[in-house]
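Please treat every number below as a calculation from the coordinates, not as lab data. Being a predicted model, the structure only gives us computed values, none of them experimental. When we count neighbours, we look across all protein chains shown, and the Cβ atoms used for this are built from the backbone with ideal geometry, even at glycine.
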Amino acid sequence: MIYKKEEKGGVTIYYVKKDVDDEAAKKFHNTFVKPSQIHHIIRDDADVYDADSGELLVKFRKGVLKQDTIDVFYENIEKFANNVSTNRGNASNTNKKKKKAVGINPAVKSNIFGYFDSFGISQKAIFKRKGIKSPLVVRECVFNRDHPEKYKKTIPLIEEIDAQYKRLTPERYAKQFSKAKETPFKIANTAFTTVTTNINFRTAVHYDKGDDPEGFGNLAVIEKGPHYKGGETCFPQYGIGIDARMGDIVFMNVHHLHGNLPMEGPKEAIRLSIVCYLRTGIWERTRGKTKKFMERHNRTLKRILGK
């Protein structure tokens, strides 16, 4: 619910209150956002604050990412981003009674690259078969491991997102970047260890897990094909949504419940969302490690796991 709003320097400042208290909002978790829960969609530059706590919820800016950088990113990530995953947990409206049965969970085009702090089922099976104790649980993701040249070409857009993060939420950025500086397992000289890409993925209402709690979440969008409606990122507890489109950037507190409205339009329409973050588990396990350590660790995993 919008409590009040004001204009400042071409940006609309919203002060919002919860439509539903925290206890009642628990029922939203792992369900899809309903249009009836959302009373206002924000489509222009905005800052959003909780009217009661004063906490920053959202910073939204239109058209701040460069088109040529976006195009290069998309050209190099497109094939990988179209892979299908059945392991996205609550964000994919997972079967609550059968969470461990990965194969029956919804199949979605959601993928990660950069570095991650767990091994997949097949990787764990290799360790077991070879009788090898699992090494440090941090790994290169498949995309940058197997396609380093394509990976390098995605970095300029990630650096642009990083620069906007520093500009728009400097205090949050400083805390996260200070952690990123302590580990070589990160993406270039940014505050991020990991990127998630989602294609036409309607996320169920969820909290983000595994990311730096002192940092701030973010979302950028690349659109291809015919026009579509919907897909807005929503905070159902507050009754608001953000209509992020091509070249826009959203910084948001992802530790509040959030999810997407459905996309409506031709099936050829593509909405690729990009989420960059620092995984706390990576930082905790590798802080103080050297670049040489990282390179040696990566070679060890390649030797054991292959491609």
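Before moving on, here are some points about what is shown:
- The convex hull defined by the C-alpha atoms of the stretch 99-158 has an orientation-averaged projected area of 5.8 nm².
- Simple rule: put +1 on each Lys or Arg Cβ and -1 on each Asp or Glu Cβ in the chain, find the dipole, and look at 154, 80, 28; the Cα lying farthest toward the positive end is 80.
- Electrostatic dipole magnitude of the chain [Cβ: Lys, Arg +1; Asp, Glu -1; Cα centre; debye, to 20]: 2080 debye
- Whole-Å distance, taken between Cα centres, linking the stretch 1-37 and the stretch 149-211: 25 Å
- C-alpha long axis of helix 170-180 to longest principal axis of the chain, angle in °: 10 degrees
- Which of 191, 38, 70, positive extreme of dipole for the stretch 2-305 (C-beta unit charges): 191
- Angle in degrees between helix 67-81 and the longest Cα principal axis of the chain, rounded to the nearest 10: 60 degrees
- Label sites at residue 41 and residue 300, each approximated as a point 7 angstrom past Cα along Cα to Cβ, lie 5.0 nm apart.
- Pairs of alpha carbons in the stretch 1-42 whose separation is greater than 13 Å (percent): 65 percent
- Placing +1 on the Cβ of every Lys and Arg and -1 on the Cβ of every Asp and Glu, with nothing else charged, gives the stretch 115-252 a dipole about its Cα centre of roughly 740 debye.
- Proximal lysines to residue 66, defined as alpha-carbon separation beneath 16 angstrom and excluding residues fewer than eight positions away on the same chain: 153, 224
- Between 0 and 90°, nearest 10: helix 148-168 axis offset from the chain longest Cα axis: 40 degrees
- Comparing 118, 250, 176 along the charge dipole axis of the chain, the residue lying farthest to the positive side is 118, per the Cβ-charge model.
- Within the chain, longest stretch free of exposed GluC sites (Glu not before Pro) [DSSP loop, at most 15 other beta carbons within 10 Å]: 56-181
- Percent of alpha-carbon pairs separated by more than 28 Å within the stretch 112-254: 28 percent
- The chymotrypsin sites (Phe, Trp or Tyr not before Pro) of the stretch 150-212 that DSSP puts in a loop, and whose beta carbon has at most 14 other beta carbons within 10 Å, are 207.
- Relative contact order [Cα under 8 Å, 6+ residues apart], the chain, whole percent: 25 percent
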